[in-house]
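Since the structure comes first, as structure tokens, the remarks are kept for the end.
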Amino acid sequence: MSSFADFTENRTLDFWFKANSLSSTAPTTVYVGLCTSTQSAGDTLADLEANTQDDEVSGNGYARQSVTFAAAANGSISTNATVTFTASGGNWGTITHVAIFNALTTGQVLAAGALTSSKVISNGDSLQIASGNLTVTLA
């Protein structure tokens, strides 16, 4: 993933510099969501933060999926299990980005990034992110 959202950056700073303030409480579960590009130049993290409802897939059997991570090392953390989005009940469009959210619905974008290659999801398709293939890096 390419970037942390402003929400995550602010909570990280709160955690380290405000004595673990209450605003830094970690979610018990995080979720990965699939996003489509709605702008000709592609979505940026700011687009996803500002308008997730326009960017994130909705309807046709779509739901965010919970995701778990292995222990962080060398400034990165990667998934430790395969994440599967169940077969769609209709077209989801072209998936260009993923985002990690702190809630199953609504919530905040924690991090987001572009896929290595986009994936068209048509009726009956599913999408898997293999274990270890979703990595968040602090830079």
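Quick one: in segment 117-139, which of the residues that are modelled with pLDDT under 90 and assigned to a strand (DSSP E or B) is most open to solvent (accessible area, probe 1.4 Å)?
Per the stated criteria, the residue is T137.
Could you go through segment 55-73 and let me know if any residue there is open to solvent by less than 30 Å² (accessible area, probe 1.4 Å), of a type in the set (A, V, I, L, M, F, W, C), over 14 Å from C35 (Cβ atoms) and in a strand (DSSP E or B).
So far as segment 55-73 goes, yes, one or more of its residues are open to solvent by less than 30 Å² (accessible area, probe 1.4 Å), of a type in the set (A, V, I, L, M, F, W, C), over 14 Å from C35 (Cβ atoms) and in a strand (DSSP E or B).
Could we say that L110 is of a type in the set (A, V, I, L, M, F, W, C), outside any strand (DSSP E or B) and in contact with a Phe, Trp or Tyr (Cβ under 9 Å, 6 or more places away or on another chain) here?
Judged against the criteria, L110 is not a match.
For the list (1) under 24 Å from A72 (Cα atoms); (2) open to solvent by 40 Å² or more (accessible area, probe 1.4 Å); (3) assigned to a strand (DSSP E or B), I need the number of the one condition that I100 fails.
Exception for I100: condition (2).
The values are calculated or read from the model by the stated rules, or taken from the named source; none is laboratory data. Everything numeric here is computed off the predicted structure, so don't read it as measured data. Glycine also receives a Cβ, built like all others from the backbone with ideal geometry; neighbour counts cover every protein chain displayed. When the accessible area is computed, the model is the full protein with side chains, heavy atoms only, and any ligands, DNA or RNA have been set aside. Shrake-Rupley method; radii C 1.70, N 1.55, O 1.52, S 1.80 Å.
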